[in-house]
Structure formats: C-alpha cells, structure tokens
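Following: one structure in structure tokens, then a few remarks.
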Amino acid sequence: MRWSPDLDDALYALRRDEDWFARESAWQALEKLRLQREVDRLISAFRSETDHARRWSLLDAAQDLGHPGVVDGYGRFGWFAALMETEGLPYSMRKYALKRLKERREALIKKLEGRKRD
Amino acid sequence: MMNGVAYQLLWSLLRVWKATVRDVLEGPTLLQPRGVTLILEPPEGGDLEMPGAVEQIKARSTGRPWSLEEVIRDVLPDLYKACRSRTTPTRYRFVTEGSMGAWEDVYHSFRSLPARRVDAGDPLAALDDQQEFASATKNRALARKIKEAGGRYTERGILLYIARVLAGEESTGKGERKVRRPVQDSPDVLHRNLLRLLANFEFEGDRQWPVIEDEVARELSARGVKDHALEQKLDSLVGGFLRRAREGGAVVDRAKFLAQHGLQAIPLLAWDLIARESQFSLVRSLALHGYKASEDCRERKPLLNLLQAAGGEPIVAWGESGQGKSWLLYGTAEELARRNEVVLLLDSSQDVLRDRDEAARLFCERIWGTDERYSLDRLAQKVRQEVPEHSGGIWLTVLIDGVKDRNYLATLVQQEWDAIGVRVAVALTTDTNAPERVDEGVLPLSVRDFSQREVLRYLRLQLGTDTLLPPQDILRLLRHPLWARLFCELVSGGGQWQSNNEYQLIEGYWTGQAAHAPIATDALTELASQLIDGGDYPWPLSRLRAIGIDEVAMERLLLTRLVRWGRSGRVLELWHERLLQWAISEGLVAGLRAGRLTSQSLRDRLRACIEGAGGRRFGYVAMDVLWLLSGPESPRDQDILGLLQLFEEIDGFFDLISTLGNRIVPHLFVRLRQIAGESSYSEIRYLEMLESMSDPSIAGFAVDMLNDSSICLQKAAARVLAAHGSTEALDRLWALYREWSRNVKAQREEGLAEESEVDFHDVVQTDKALQTCVRLAPNWLEQAISNADPATDPVHTLIFLIPRVVQGQEVWHRVKRVAFEKVRPERERCLAVCITHFHDCEEVPWLEERVNGRGDSLAPMARKGLYLLSPEGALRPIDPDVEFDLALARSWWLPPLQLEFPQETAKLLLDTIRAAERPWIAACLYDGRENWLSEETLELLLDTTNELLVRELEEPSPSNHEPLGRPFDRLSEISHPDLLKLFWRRRGTELERNLAAWLIREGPWEEMWKRHALDVGLAVLHKIAGDGIFEVANSYLERATTYWGRDEAFELALRASDKRTIEFLTQIAFQEQEHLAGAETHLLDQREALQVLAERGYDKTVIRGVVRWGLRLPPDFAEYLGGRALGDVELTSALEDLSLDPMPPGAILALGMSGRPEMEETILSLFNRVEPASKQALASLLALEMLDARSEVSEQAFLRAREIQDHRFVARRVLNRFEARRATNESRAQVARHVWEQRDDLWALFEENESLETLAHLDNEEVREYLRERALSESAWGGQPSAHYDAVRALTQLAPSRTGSHEGRKGIHQPGTRRQRPCSDLFDRRSSRPDLKPASPSAMAERF
C-alpha cells in the first residue's frame, strides 16, 4: 500500500492501543508504510539523476524497498509504473527492474504462503 | 389408353401430397392436417377433384402441343360438366404432358375475364367482337370454322363457337364428329357457365411423366420409403388408386390412404414441421423426466454456446452426481427446441453405438413418424438430400444424459459426428473429488455447484419468497443442486430437517420417503446392494417381481418419489444416482445387522465399491455405510473400527471420515487409543483430523483420554485439547505440566533426554493446551497460582496464562502480590508481560529497575513495557552485558521507540555501538531493520568497515573466516535515500579504494556458485557508485578465464566504464571462443559485451557484432540500442555485406535495428529475393518486426511466412499485432463474452491463452459477483490455473483501489495515454505463449 498522510496518522494513533495485538500490528504496518514513502523519493531522485552509476544505485534501492505486489498487474500502478515511465529509461535498466520485481514477488508469495493464521 | 390411365393415376398420386402441404391447420396436436379428400373420376366431370379444383388429365408422350381446337374438342366438354354443377369458386385445370399451341393470346384474354365487369343481363357484352386475335393465322382451320358459323376469331366469336360445340351443333374434329353428350342448357345458362369456366381455366402443360414419377418418388423417400422399396411402393399406391378409380367418383381420404400405405410420416421437406414435432416429443420427454423450466435457475448459456461453437467435437458436461447436469441438458434441449432446432434427449445405455441407434430410432418414430428403420448415417444422408437448408450443416442435436463410464468417451470421439451433421453433448457423472481433464477430442464443460445467487433463486422458486432461508452454513451445502432439491422437498413436505451435513440430509429424505412403503423400500435396498456384484440396473419388472414387489407394493413404492419408471416404462430406477448409492448402503447395513453379511464381507464389498470391481464404481457408499453404522441408536463399534482401518489404507477416503461430524468422534478416539504411541502416520492423521474438526464433543473425549494412565494417550489428548479447550482438563494438564517439566529438567541436568517418555516438545504442547483450556477459567487460574509451591512448581507458567483468560486484568490485580512473591528471579519476564499487557502503571519502578535485567529476555520486555508506561525509562543507556538479550528481542521494543522517539532512540543506539569493542556486533540491534540506522551511526559503521578493510588488506584472514562478510551483508541491505547519499559521499574515498582493492584481490570468482562476502561487497561498491566500479570491472575482464568470472564484470560495466573497459568489451564481443555448456557452445560473453556496448552507444562496433553473429544474438538485442536512428556510417559494415553471397543474416537484422522506417522497403526487397525458408528470409521478417513495419506488403510477407515451419512463430506474433491494432472495443468485449461463457472450463481458456482477467471488459454485476467469488476463494487447485489471481486483476481494472484508481480508470478509458495498456495488454498477452515469445520484451513489460 502506498504511503499517505491519512494512513500514517491512522496507524500512528494505534501505536499505544490498549489491545496488545492491535498496537503490535500498527508498529509493523507503520514501519512498512513509511519505507514505501521513501520509495517515492527514490523514484523521484532516479528520474532526475544524471550520473549513470548513481541512477543504478537508486534503481537498486527502489527495487529493494518497493512492494512488489503479489499479482501480475500490481506494477501497473504506483512506484513501479512511475519507474517504468521514466523518459529514456535504458533497456538494461528496464529489463533488470522487471527481473527483480518478478524475483521479489515470487519470494513474497512464497513467504506469504508459509504464513499461518492464528 | 393404358398410358393415359397410368399418367392420370400417377398425377393423382402426386396431388395427394401436393394438396396437403399448404393445408395444414393447427389441430389439437397442432400437426393434424385438415382432412383432405380427393375424388377420382368425379361423376360431375373432370378426372380428379380436390378442394378448390377440378382437373382434366391427359397424357401425351409425344409432347406435341395442344391446339385450341383440340382443347375445345377433348378437354372443355368434360370440364364444362364439372363447372355447371358448381357454384363455389373453383379452378378448372388441364394437366398434360404436352405444351400449349399457338393460342396464348386467346388463353390470356379469357384469363383476364374475372377483372372485367360483366353485365348480368347480357354476359356476352363483356366480350370483344371487334379485334381478331393475332393467332388466327396459326389456327386457320378453327378460324375458318368460326367464320363459317357466322362469327369472327374474336373473344365473342370463339366463346359462341365453343358453346355451339358443347351444344352439339358443331362437329368437333376431322371426322366431323359432334360431342357425345351435347349440353342441354339454355343459351343464356350455357354462356354464363362457359364464361365462368374460361375465366378459371388453367393450362398446366409440360408435366412429363418422368418428372412426375421423380417427384412422387421423392415424396415417398421424404416419408421414409427406402430407395430399394420405392418402385414396389409406387406400384402399390398406383394399384390402390386404380382399384378405387374403377368406379367413378371414388373418394380418397388422404390421411387414411397414406396410413394404409405406411406413409404417415412428415415429409422431410417440411423441416419446420419436423422441428415442431421435435418440440412436442421433447415436451413429453421432459415431462417424463420431471423437468420444470419454471424451476430451473441454472444458466444454460455455457452449454448452448459450446454447442454452437463446437467444431464437431462432442461436449461433455461433467461433474459430481447431483450437480444438475441432467437439468442443464434438459434446459438446453428446451432452448434449442425453442429456436426451432431438432433436438433429441435420451438416457444413455452406456454404449455409444446403442445410443446412436436409439437416437435414430427416436428420430424416425417420434419425430419423422415413419415405421422404417434408418441408421443415423442414413438419416443424415437423407436429410441432406431432401432438405436443402441442411445440405451441409447441423440438422440434429443429440443430448445424452446419465453417462457414467469414462470409457464411453473414447468411443464417443471416434464417431464422425461432424461428418453426419449431428451435434452431441453428454452428461458424464464422475464421483471422484479431483476433477480431471476429460479425454482428448471432447470439449469439457464443468458443471459446478450453484452460485450463491442461483441457490437463492432456486429456493425462492421452490419455497416461495415467504419461507425463511436457511443459515449460511446450510446454504453452502445447498449449493449442491441435488441437496437443494432434497432440502426443498423436505421443507415443503413439512419435514423438521435441521442438520447441516450431507448424510443427515439424505438420510432424512430417505427415511421420510421410505415411510410411504417401508417394506418395499427395504426390499429395494437389498436389491440395490446386489449391484456391487454386477446386477442389472435399472431393474426390470421380472426382477422386482422376484423379490416380492407386486402391483400394490409397486403403487406404494411409486408414492415414495424415490423411484421412477425408466426409459421404456418397463424398468424401475431411483431418480438419482446418489440415491442409488444410498440405497446400496442401506442394503449393506441392513444385511450386516440381519446377519446376512459378515464384517469381513462388508469390508470386501466396500472395497469393491471403491475399486469398481463389479464393473461400476460406487464412491459414496463407503462413507454412507460408515454413517449408518455409527448411528447413535445402535452403533456397530467393531465394524466401524474395521472400516476405519480399511479407510486408513485407501487414498482419498481417510480424509472424508471427518465429514461424518459428531457421530464418528467417539469411534475416532477409540481408534486413536488403539494406535497411540505408535508414532505412526495414521496416528498423526487422526490427531490432525480431530484438531481440524469443530464438534464440541471432541473436548470431552479428549479429557477422558487425558485422564488415562498411558503417557502416550495423555500426550495425544494434550494435542487435541490445544485445539479444543475444556476447563475440565485444567487440573490434569497442570499436573502433567509440572511433572513433565520437572522430568525434562532433570533429564537435561542428567543428560538422559533420549531415554525419556516425555521431552521438551511435550511440555510445550501441554502449555499450549493450558493456554486454550484456561480461557474461560479465571477462578481456576487464580486458585492455581494461590496454591502453587514456588519451590517446586513453575509458577511463571501460570502467570503467563493470565493475559489469556477473560477478566485477566482483574485476576492480575488480585494475584500480582502473590505473583511477585512466588515467581523466581530468573523467571520474572512473565511479570513484565502482565504489567505491559494490563498497562499497570503502578509497576513502572519495578520495570525501570530491570531495563538492563539479565537473562530470560527480561530487559527487552521491560523496555517494551516502559515505552507504553514511561518512555524515558525505555531509553536508559544499555548495559553491555544485556546487549545480546536486547538485540535478540529487538523487535519487541525498538520499533515503537524508533517510530515515536527517533532521535532519542538513534542516540541511544549510536552510543551503544560507539562504546562497543566491536561495533558491528553491537550493530546487530539494527539487524533486519538497517534502513532505520541514523546517519551518524551509518557513518560510524562505514568508518569501521574501512578499518576492517585496511586490516584485511594488510593481513588477509584465513579462508574459513570472513570478517567482512557481516558488515558488507548489513550495508548491502540499506536502501533509504538519506542513507544512500552517505554511500555516494564515499566516492573516491579511502573506503572505495580499499573496497575495490579488496574485491580485485579476492576476485574474479570463476565458479557458478556465489561467494557471499564477495557478492555483498560488490553490492556495497554499487551503492558507492564511483570509479571503483570500472576498476574492478576492468580487472575482472582482464583476468577472468570463465564466463562466470566475467559475469559480474559485465554488470559492473553496465553501471560504469572507462576507455579500457570498452576495449576489453570490444575484444570479447568478437572473440571466437564460446562458452561451453554441456555438449553445446553458447555466445554468452559476446552477447553480454555487445549489450553493454550497445547501451553505452558504441553503435558502429555493435553493428559489426550484429553482422558477425546475426541470428545467434538474443531476440531482444535491438532494444539495447534504445531506438536510436543509425546513420549510414554506423551501418557501413551491414550495407557492405548485403552484396555478399550468401548474404549474412546479421546484415539484414542490422537494417531492422537501424530505427529507420525507410528501410522497410529495402528489407522487403531482400525478402522477396531470398529463398522463403532461408535464414535470410527469417532475418528479414525479424528486421521488419523490429522496424514495426505496418504496410500491407509487410503483412502479406508475414502471411506467407506463416506457412514456413521455422518462420511461423515470428509471423503469427506480428500478425497478432496487426490484428490487435485493428481490434475495437466491441471485438474486445466479444472476446470477453467468450471467456464468460467458457468460465467453467478454465483449462480450455488457459489453452486458448485467455484468462478471467479478460472479463474486465464485461462490466456488469453478475460478472463482478463471479470475479469476487473467485478472488475471495482460497482454493487454487492446479486445474484452475491462476484463476484467483486473474480474477483479482480483473477486479483491479473494474474497480481499482483508491490509490491509483483514477489512473487505472484513465488507463482503460482514455485513448492515447500510455496507461491504455490494460486494454491492449489483453491482446499482447497472446504473444506471451511459449510458441510466440515476443522479440521485444517491451511487450513483456506490460504485465509487471
């Protein structure tokens, strides 16, 4: 899920909730959400960066932090779409980004499949 | 003379049919034609009379034309006699083989009389007497006679002449003969009648004998007379006519006459009547099967569409018994009939050839109406001959219900249905749970359960809108159509059905119905149980009689509504296969209870049912029998145990045991007691089964088992109780927990763990059971804490339970003083948990004293509690001795502090790490959460890493020790933009130089597997993004001896390169040596090098490489050139080599990569010059594809290439794009409609490269509900590939989430934007088939 101030506020308000499980879940979600905000900053920096090697490092970082989604098509929206729409995006970067997205998605699906509900 | 008679009879015969076709009226059965009679040789005159017409029939085998004079002399006298006796409008027809002579002008003139006004006083006044007919010159003799009689060859003159002939005043031929019986009418009457005759006179000439004979034969054939019997039938009919015609005025009743000669069939020519008769036949058949369209809530479209789309393949609607396959066929049949199609519905005999014969018989007897027998092939041939509109297409649909044997399908597909114009659909019952692909050559259609909407509609239709609907769990069960029907019958019959499982439902239904005829039903169950050995079914009357079912018993049996008459009305069957299996089970259990069967023979029979030993498989019987045996009134314990043992051995049946619900629970425990302690697979499965069941009785049985003296049983019981809590188990569990934890502790101290009956795992399991059982027992817990002996009892375990109970807060406040006293110091974490859980602010000081408490993870829990109750306490300095504890449980306390107090927390951690002797060890407080490092801490760690690098470069560690592995690993995880900049700041610094030096010293890594330290070290170098990248790359490119050694270098070179890097890459790009992999060589190094060179803009070198390696380069290679237009200078090598013979394919490819549209013409010219199947031709096609050539000429080239084996993939791929470009919204919606209709056969969709995602183009509520159902379903078995995800994607497009929703909608609806992809993607995906790999992965990118 992409970061938004409303969502951030809602989760932040739950950080001290009476319910043990509610506040623990709020911490985890808020941490992940705030990192998603950084993804948008990385993409923005990537689009304006002119140094080739730094662009690659920004691309790596965005790929590491950005949520890959669990279904094909998730990347049509949000940070990945913004990345792919970068003007003049070299083919090697495009291909690399797609490959990394797929790998991270597969890893995430595997992780989620192993998850048990209480 | 005889010829004339025969001709007359033959014509009359033809009239028998010709007169009928137009005269059909809708009678009671809608098909009875109006009673038509023909009169042979009517006494009033003429040869043949039929409704509305009198005919005079004359043969003339010479074909000579009839002159007017001959007609006046030989035809009109007889017709006049017929005319004078009739007042109703009648046609007077002359039928003959000859043609009309030269007097058409006279004929047409008299035919126009009805349009003229006739003076009642002077009828002749309407006739012209001034203008002679032009044909006078060709009828000189007649004209002369008329003149001699005082007239002229005019209308009036001719009529007066005819009147004179009829009155006997004129001779009528060469022999000057007068008419035999002159007319005695007065001139006025004669003239009036004659005027009427001539006005209604018709000349039907040129009716040649052979033509009439053919027509008659065709009529006979269309009524079912076989070819070889035509002549005989014709003779018989003519003979029949002759006999009747011997006496004048013979009346022929057509219906009777046809029936007498077996010709009552509907002529095939009248196909609309055939279709209507098919409807009537179907109505009868549906009524016999109890089908009521008004109660059918199923959608028929899937089968209808498959039937219409099928290319001759039979359709197999398959599914479990009771899924509604029969009604699907019935509904479809009705719909087809409504569309005027001829359709047959039949119950399968399980033999395809017999079913074919039955279909032919039904068509002949019930629809066509002939007594003749034809095979389906002959029928097809006849229909195609007789019915022009069915000469090549489908004329019959056969729907076959009740197929049970999969082998049937093999024979079914061997029939040439398409060739004979017959469409076939069968309903196949499979009682296996796992859906399989049905055999090749058929179109499968899965008949699934009702949707929620369908079942609700069904219940409302059946029970009315006022009836309360059952609860959700029952509704779920009722989605099975059979149960929905049973439910409705129970409820509408006033039954008190309450259960929520299948067995109760069917048992309730059976018992209720059997009450109408208990003895006869019992006898029937015994008969049913014999089917396992292969008895006849449905039961013939003789079989029923043999078991004592007489007329009275049968009458009562039919009242039960369990049975119905079979096809012929002479066999009896249960109305549903599922009921048959229940009857078998009833029979078996009754046999066992009555002593007719032994336990062993029961097991043998059940095995036979499962394995289908008697020729048929009865998959439901096993569980039905188990259900009946475990009935609470008189359970058969030993037999049940025997069956449980049997099912343990049979795949797929053990898992079904739990479906029996609570009545099987006691028996499961009995069996578990038998095998507990064996650690067998069965024991584990029984335990898992009990854990997964939700019956409340389970806990009681588990408590009993817990109280057993056997430790094995106690352990099993504890596991079950962890899933099904019971307060009654608490004392025993607590006792066992204490005992076992003491034993485990003692064993651990004495090192005897392996020899003990209990281990740590059992203690944990018991703890879990305590947690579940204690929930509703706060008093017990309070009492237990109060009674616990701190010296011997694990009091902390009880304290941990307090947050688990309802009213835990009150319990905590009541017992906490006792708890603080009794919990031993090394177990205090339980107290911190309770303080935190219940926000006990009174105990903040207690927590503060323990922020650096040692052991038992006390310190992290204390800091967690303090974060909530007094945050400053949580940020107190960290004692080095508890660093490890705090790091180990960092997720308990650090996240909330970092979120709410980032700076203070960062300082605390920085101070701790800075003070640590080995900062990277202390830095494990950040492990897994490196992006939360503060900038100062990262700077510190980068400096520390550099120091480690310096030491390593000075004195390398032993090979089994990687001191840099951990720092690099942690640093490589950092992606936060603020932290990334700190890496960039290290560009050109000592850290980068040392890191590069270390990587150069340690690399290149020449193996296929990775060395972790080196790998993560390179990742850190990537982050620094400085010159170190190409320094390492150059070193690796220079020194590596394998592809694996160079692999990393290529990636580095993509990121940064210098002149030397380019030199290395150029050299590698043209090296002849290739990478060895197995028995083949691969162009790996050259490809990688050229890709980097292309990306870096060394176009001239790249084009040389393309020319050199040609088709061996990857299909997406052109993409690396980034769409730049290449000039002639860059293309020099390619342009030069185009003149070589043979032309290198790479030179053509290079033109495709040029990015210059004008090259299309050149490439097409080359394509037309080279051999169509050559590599050069393939290169041309690929080059056109790269240029995105869209001209018609190019499309033609691809169409031609589609026929070439090696070129067809690229051709199809590009042609698909042509098609996609032409696609409209309507065509997309059409594809979506196809997917909707096929949605029950996801495999077929998968094979068509379609998916549910396409449904995004059909936005209606039904589609959305279906997609939601799919998307929310947790089942994702292999037979439904990606259905869940496809549904999610479709919903995303129909109703995108709030974030990005506007963009998503724009993407779909706004043409011209880049986000229009969701639509075009539908078509691009076709190119993602394995055989259509896109040359350009930009298409692949659309699916991210």
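The values are calculated or read from the model by the stated rules, or taken from the named source; none is laboratory data. Keep in mind it's a predicted model, so treat the numbers as computed, not measured. Every residue, glycine as well, gets a Cβ built from its backbone with ideal geometry; the counts of neighbours run over all protein chains shown.
Scanning the stretch A:73-90 for residues that are hydrophobic (A, V, I, L, M, F, W, C), surrounded by fewer than 23 Cβ atoms within 10 Å (Cβ to Cβ) and more than 7 Å from chain B (Cβ to nearest Cβ), which turns out nearest to B:Leu1052 (Cα to Cα)?
Step one: of the stretch A:73-90, the residues hydrophobic (A, V, I, L, M, F, W, C) are A:77, A:79-84, A:89.
Applying the additional criterion that residues be surrounded by fewer than 23 Cβ atoms within 10 Å (Cβ to Cβ) yields A:77, A:79, A:81-82, A:84, A:89.
Going one step further and asking which of them are more than 7 Å from chain B (Cβ to nearest Cβ), we end up with A:79, A:81-82, A:89.
Numbers: A:Trp79: 25, A:Ala81: 26, A:Ala82: 25, A:Leu89: 18 Å.
Checking each candidate, the answer is A:Leu89.
Have a look at B:Tyr80, B:Tyr153 and point out the one that is closer than 30 Å to B:Val251 by Cα and touching a helix residue (DSSP H, G or I) at 6+ places or on another chain (Cβ under 8 Å). Walk me through it before giving the result.
Details: B:Tyr153 fails: closer than 30 Å to B:Val251 by Cα.
Step by step, each of B:Tyr80, B:Tyr153 is checked, and only B:Tyr80 is closer than 30 Å to B:Val251 by Cα and touching a helix residue (DSSP H, G or I) at 6+ places or on another chain (Cβ under 8 Å).
Does the stretch B:1044-1060 contain any residue that is in contact with a His (Cβ under 6 Å, 6 or more places away or on another chain) and buried (at least 17 other Cβ atoms within 10 Å of the Cβ)? Working first, answer last.
Going through the stretch B:1044-1060, the residues in contact with a His (Cβ under 6 Å, 6 or more places away or on another chain) turn out to be none.
Within the stretch B:1044-1060, none of the residues are in contact with a His (Cβ under 6 Å, 6 or more places away or on another chain) and buried (at least 17 other Cβ atoms within 10 Å of the Cβ).
Report, by residue number, each residue of the stretch B:413-429 that is surrounded by fewer than 19 Cβ atoms within 10 Å (Cβ to Cβ) and either within 19 Å of the chain's Cα centre (by Cα) or part of a loop (DSSP other than H, G, I, E, B) (or both).
B:Glu416, B:Asp418, B:Ala419
Taking the criterion of being more than 14 Å from chain A (Cβ to nearest Cβ), in contact (Cβ under 8 Å) with a residue 24 or more places away in the chain and farther than 22 Å from A:Glu24 by Cα, would at least one residue in the stretch B:885-905 satisfy it?
no
Restricting to the stretch A:50-67, what's the tally of residues that are within 19 Å of A:Ser4 (Cβ to Cβ) and at the interface with chain B (Cβ under 7 Å from one of its Cβ atoms)?
The first filter runs over the stretch A:50-67 and keeps only residues within 19 Å of A:Ser4 (Cβ to Cβ), leaving A:62, A:65-67.
Checking the rest, the ones that are also at the interface with chain B (Cβ under 7 Å from one of its Cβ atoms) come to A:65.
Total satisfying the criteria: 1.
Counting just the residues of the stretch B:1186-1210 that are at pLDDT below 90 and among the hydrophobic types (A, V, I, L, M, F, W, C), which one comes out farthest from B:Ala1118 (Cα to Cα)?
Across the stretch B:1186-1210, the extreme among qualifying residues is B:Ile1204.
Considering the stretch B:511-543 alone, what residues qualify as being in contact with a helix residue (DSSP H, G or I) (Cβ under 6 Å, 6 or more places away or on another chain), in a helix (DSSP H, G or I) and under 15 Å from B:Leu562 (Cβ atoms)?
B:Ala514, B:Ala520, B:Thr521, B:Thr525, B:Glu526, B:Ala528
Right, B:Ala1033: within 14 Å of chain A (Cβ to nearest Cβ) and part of a helix (DSSP H, G or I) or not? Give the derivation first.
Working: within 14 Å of chain A (Cβ to nearest Cβ): yes; part of a helix (DSSP H, G or I): yes.
Against the criterion (within 14 Å of chain A (Cβ to nearest Cβ) and part of a helix (DSSP H, G or I)), B:Ala1033 qualifies.
Which ones in the stretch A:17-49 are under 17 Å from B:Ser891 (Cβ atoms), without any contact (Cβ under 8 Å) to a residue 12 or more places away in the chain and within 10 Å of another protein chain (Cβ to nearest Cβ)?
Matches in the stretch A:17-49: A:Trp20, A:Arg23, A:Glu24, A:Gln28, A:Glu31.
Which residue out of B:Leu999, B:Leu1014 is farther than 22 Å from B:Ile921 by Cα, away from chain A (no Cβ under 14 Å) and either surrounded by fewer than 19 Cβ atoms within 10 Å (Cβ to Cβ) or free of Cβ contacts under 8 Å to residues at least 40 places away in the same chain (or both)? If you could, list the steps in order and put the result at the bottom.
On the way: B:Leu1014 fails: farther than 22 Å from B:Ile921 by Cα.
After applying the criteria, what remains is B:Leu999.
Could you please tell me which pairs satisfy a Cβ distance under 7 Å, a separation of 6+ or placement on different chains, a first residue in the stretch B:546-564 that is at positive phi, and a second residue that is surrounded by 17 or more Cβ atoms within 10 Å (Cβ to Cβ) and in a helix (DSSP H, G or I)?
B:Gly548/B:Ala523; B:Arg561/B:Gln513
Residues of the stretch B:1017-1030 being within 14 Å of chain A (Cβ to nearest Cβ), more than 13 Å from B:Ala1049 (Cα to Cα) and not basic (Lys, Arg), which ones? Before the answer, list the steps.
Of all residues in the stretch B:1017-1030, those within 14 Å of chain A (Cβ to nearest Cβ) come to B:1018-1030.
Those still in the list that are more than 13 Å from B:Ala1049 (Cα to Cα) too: B:1020, B:1023-1027.
Hits for the stretch B:1017-1030 are B:Val1020, B:Ile1024, B:Ala1025, B:Gly1026, B:Asp1027.
If I ask for residues that are over 17 Å from A:Asp17 (Cα atoms) and basic (Lys, Arg), which ones from the stretch B:864-914 would you list?
Across the stretch B:864-914, the qualifying residues are B:Arg876, B:Arg890, B:Lys907, B:Arg914.
Residue-wise test of (1) of a type outside the set (Lys, Arg); (2) at pLDDT 90 or above; (3) not in a helix (DSSP H, G or I).
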{"site": "B:Asp1128", "(1), (2), (3)": "yes, yes, yes"}
{"site": "B:Met1143", "(1), (2), (3)": "yes, yes, yes"}
{"site": "B:Glu1160", "(1), (2), (3)": "yes, yes, no"}
{"site": "B:Ala1173", "(1), (2), (3)": "yes, yes, yes"}
{"site": "B:Arg1213", "(1), (2), (3)": "no, no, no"}
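Taking the stretch B:958-985, which residues are within 12 Å of chain A (Cβ to nearest Cβ) and polar (S, T, N, Q)?
Matches in the stretch B:958-985: B:Ser972, B:Ser975.
Which one of the conditions (1) at the interface with chain B (Cβ under 7 Å from one of its Cβ atoms); (2) not in a helix (DSSP H, G or I) does A:Val70 fail to meet, given that it meets all the rest?
(1)
On the given criteria, is B:Ala419 of a type outside the set (S, T, N, Q) and either more than 28 Å from B:Leu656 (Cα to Cα) or at pLDDT below 75 (or both)?
Numbers: of a type outside the set (S, T, N, Q): yes; either more than 28 Å from B:Leu656 (Cα to Cα) or at pLDDT below 75 (or both): yes.
Answer is yes for this residue.
In the stretch A:4-13, which residue that is surrounded by fewer than 18 Cβ atoms within 10 Å (Cβ to Cβ) and either more than 9 Å from chain B (Cβ to nearest Cβ) or modelled with pLDDT of 90 or more (or both) is farthest from the chain's Cα centre (by Cα)?
As a first pass, look at the stretch A:4-13 and keep what is surrounded by fewer than 18 Cβ atoms within 10 Å (Cβ to Cβ): A:4-10, A:12-13.
So of that shortlist, the ones also either more than 9 Å from chain B (Cβ to nearest Cβ) or modelled with pLDDT of 90 or more (or both) come out as A:5-10, A:12-13.
Values: A:Pro5: 16, A:Asp6: 18, A:Leu7: 15, A:Asp8: 15, A:Asp9: 19, A:Ala10: 19, A:Tyr12: 19, A:Ala13: 23 Å.
Across the stretch A:4-13, the extreme among qualifying residues is A:Ala13.
Do any helices (runs of 4 or more DSSP H) lying entirely in the stretch B:753-837 carry at least 3 residues that are among the β-branched types (Val, Ile, Thr) and either without any contact (Cβ under 8 Å) to a residue 12 or more places away in the chain or within 24 Å of B:Leu721 (Cβ to Cβ) (or both), and which ones are they?
On the way: elements: B:760-773, B:778-787, B:795-801, B:808-822, B:829-837.
Those helices (runs of 4 or more DSSP H) span B:760-773, B:795-801.
What number goes with the only condition from (1) crowded, with 20+ Cβ neighbours inside 10 Å; (2) out of contact with any strand residue (DSSP E or B) (no Cβ under 7 Å at 6 or more places or on another chain); (3) part of a helix (DSSP H, G or I) that B:Leu303 does not pass?
The one condition B:Leu303 does not meet is (2).
Please find, among B:Glu1088, B:Glu1051, B:Glu1074, the residue that is within 14 Å of another protein chain (Cβ to nearest Cβ) and within 18 Å of B:Trp1109 (Cβ to Cβ). Write out each step before concluding.
Numbers: B:Glu1051 fails: within 18 Å of B:Trp1109 (Cβ to Cβ); B:Glu1074 fails: within 14 Å of another protein chain (Cβ to nearest Cβ).
None of the other options fit; the residue is B:Glu1088.
Looking only at the stretch B:200-235, which residues are under 30 Å from B:Trp103 (Cβ atoms) and not in a strand (DSSP E or B)?
Going residue by residue through the stretch B:200-235, those that are under 30 Å from B:Trp103 (Cβ atoms) are B:200-215.
Residues satisfying the conditions are B:Asn200, B:Gly205, B:Asp206, B:Arg207, B:Gln208, B:Trp209, B:Pro210, B:Val211, B:Ile212, B:Glu213, B:Asp214, B:Glu215.
Hey, any hits in the stretch B:1057-1071 for a residue that's more than 20 Å from B:Val1032 (Cα to Cα) and at pLDDT below 90? Quick ask: steps written out before the conclusion?
First, pick out the residues of the stretch B:1057-1071 that are more than 20 Å from B:Val1032 (Cα to Cα): B:1070-1071.
Then keep just the ones that are at pLDDT below 90; that gives none.
The answer is no, given that none of the residues of the stretch B:1057-1071 is more than 20 Å from B:Val1032 (Cα to Cα) and at pLDDT below 90.
Answer yes or no as to whether B:Leu938 is free of Cβ contacts under 8 Å to residues at least 40 places away in the same chain and either within 14 Å of chain A (Cβ to nearest Cβ) or in a helix (DSSP H, G or I) (or both). Outline the logic, then answer.
On the way: free of Cβ contacts under 8 Å to residues at least 40 places away in the same chain: no; either within 14 Å of chain A (Cβ to nearest Cβ) or in a helix (DSSP H, G or I) (or both): yes.
When the stated conditions are applied, B:Leu938 does not pass them.
Yes/no per residue for (1) assigned to a loop (DSSP other than H, G, I, E, B); (2) without any contact (Cβ under 8 Å) to a residue 12 or more places away in the chain; (3) within 14 Å of another protein chain (Cβ to nearest Cβ):
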{"position": "B:Ala862", "(1), (2), (3)": "no, no, no"}
{"position": "B:Gly873", "(1), (2), (3)": "no, no, no"}
{"position": "B:Ile878", "(1), (2), (3)": "yes, no, no"}
{"position": "B:Leu908", "(1), (2), (3)": "no, no, no"}
{"position": "B:Arg914", "(1), (2), (3)": "no, no, no"}
{"position": "B:Thr944", "(1), (2), (3)": "no, no, no"}
{"position": "B:Glu947", "(1), (2), (3)": "no, yes, no"}
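Which one is surrounded by the most Cβ atoms within 10 Å (Cβ to Cβ) among residues in the stretch B:350-375 that are β-branched (Val, Ile, Thr) and over 21 Å from B:Ala427 (Cβ atoms)? Break it down into steps so the answer makes sense when it comes.
The initial filter retains those residues of the stretch B:350-375 that are β-branched (Val, Ile, Thr), namely B:352, B:367, B:370.
From the residues that got through so far, the ones that are over 21 Å from B:Ala427 (Cβ atoms) too are B:367, B:370.
Working: B:Ile367: 24, B:Thr370: 21.
Among those that are β-branched (Val, Ile, Thr) and over 21 Å from B:Ala427 (Cβ atoms), it is B:Ile367.
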